[in-house]
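What follows draws every value from the coordinates through simple rules; no lab data is involved. In this text, all values refer to a predicted model and were calculated from it rather than measured experimentally. Positions of Cβ are backbone-derived with ideal geometry, glycine not excepted, and every protein chain shown enters the neighbour counts.
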Amino acid sequence: MGELTGRTALVTGASRGIGRAIATRLAAKGATVIAHFGTDEEGATATVDEIGRAGGTAFAVGAELGVDGDVETLFAGVEAGLAGRPLDILVNNAAAPPAGPLGVTTRAEFDRLFAVNVRAPYFIVQRALPLLRDGGRIVTISSVATRMANPAQTSFAMTKGAVETMSMTLANELGARGITVNAVAPGATRTAANGPVFDTPGLAELIAGGTALGRLGGPDDVADVVAFLASDAARWITGQVVDASGGLFLGPRV
């Protein structure tokens, strides 16, 4: 029996990468996991199958985020799968990737980023609250882009700054129900999807050299932080942004 046995968790963007790692980690701790996917049904099925092979329980729910009716579609599947049970943990992980620097980002790309990365998490929380048990957990994935000046990620960083502010203010609002609300900010995290990017000669070494712990992160590094925040051990932590970057770009190394 794990420390999350008997609890339910919704993880958005759980078909691969960090989202899959979070879903499998929460399931390994005993939670029944709802693995959301936008378009990658095959990936979400693989996540559910991996959880099942390990002895856990999960089901997949599809809903493209950032479009009209997205939250309604998502929660129709969530509520059908929960069959009257409450929700204990909400992890807002799904996000659109950076759209490029100021000079090339289009209005449509900018609007898409905010629709997926800001509007969707906000209204997912709104819709989840009637289902969320008192003492529940809300965790939203942010990025170290909010504390670094990266011209290639300006609009993306803006979206992550927004959800960090959302987490802080909602923590203050929902504390009366014992619900904690936090954000987790990964740094350079190598996944199956972005692996080719880090295969660029010298890039992985460059980033690792600017990281206090001297290596790239992996999905499990982030998933462990989320699992901690979802646990009873983190009951006194709320309104915080937890940096899960291994100390990326903290300052000069001598």
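The listed residues are ALA83, ALA60, ALA120, ALA128, and the only one of them that is farther than 19 Å from ALA223 by Cβ and either surrounded by 22 or more Cβ atoms within 10 Å (Cβ to Cβ) or among the β-branched types (Val, Ile, Thr) (or both) turns out to be ALA120.
Cβ-Cβ distances below 9 Å connect the following pairs, each with a first residue in the stretch 211-240 that is touching a residue at least 12 places away in the same chain (Cβ under 8 Å) and surrounded by 19 or more Cβ atoms within 10 Å (Cβ to Cβ), a second residue that is β-branched (Val, Ile, Thr) and assigned to a loop (DSSP other than H, G, I, E, B), and a separation of six or more residues or different chains: PRO219/THR191; LEU229/ILE237; THR238/ILE179.
Is it true that some residue in the stretch 186-205 is surrounded by 12 or more Cβ atoms within 10 Å (Cβ to Cβ), of a type in the set (D, E, K, R) and out of contact with any helix residue (DSSP H, G or I) (no Cβ under 8 Å at 6 or more places or on another chain)? The answer is no; no qualifying residue exists. For THR169, the conditions (1) surrounded by fewer than 20 Cβ atoms within 10 Å (Cβ to Cβ); (2) in a helix (DSSP H, G or I); (3) touching a Lys or Arg at 6+ places or on another chain (Cβ under 9 Å) are fulfilled apart from (3).
Checked against (1) closer than 20 Å to ILE18 by Cβ; (2) assigned to a helix (DSSP H, G or I); (3) in contact (Cβ under 8 Å) with a residue 40 or more places away in the chain, ILE51 passes all but condition (3). When PHE114 is tested against (1) of a type in the set (A, V, I, L, M, F, W, C); (2) closer than 22 Å to ILE22 by Cα; (3) touching a helix residue (DSSP H, G or I) at 6+ places or on another chain (Cβ under 9 Å), only condition (2) is not met. With respect to PRO97, determine if the residue is touching a strand residue (DSSP E or B) at 6+ places or on another chain (Cβ under 8 Å) and loosely packed, with under 14 Cβ neighbours inside 10 Å. It is false that PRO97 is touching a strand residue (DSSP E or B) at 6+ places or on another chain (Cβ under 8 Å) and loosely packed, with under 14 Cβ neighbours inside 10 Å. Annotation: LEU74 fulfils all but one of (1) among the hydrophobic types (A, V, I, L, M, F, W, C); (2) without any contact (Cβ under 8 Å) to a residue 40 or more places away in the chain; (3) closer than 15 Å to THR12 by Cα; (4) part of a helix (DSSP H, G or I); the unmet one is (2). Could you say whether any residue in the stretch 70-78 is closer than 26 Å to ARG190 by Cα, of a type outside the set (Phe, Trp, Tyr) and either buried (at least 22 other Cβ atoms within 10 Å of the Cβ) or over 16 Å from the mean Cα position of the chain (by Cα) (or both)? Checked against the condition, which is being closer than 26 Å to ARG190 by Cα, of a type outside the set (Phe, Trp, Tyr) and either buried (at least 22 other Cβ atoms within 10 Å of the Cβ) or over 16 Å from the mean Cα position of the chain (by Cα) (or both), the stretch 70-78 yields no hits at all. ASN182 satisfies every condition listed in (1) in a helix (DSSP H, G or I); (2) over 30 Å from THR106 (Cα atoms); (3) in contact (Cβ under 8 Å) with a residue 60 or more places away in the chain except (1).
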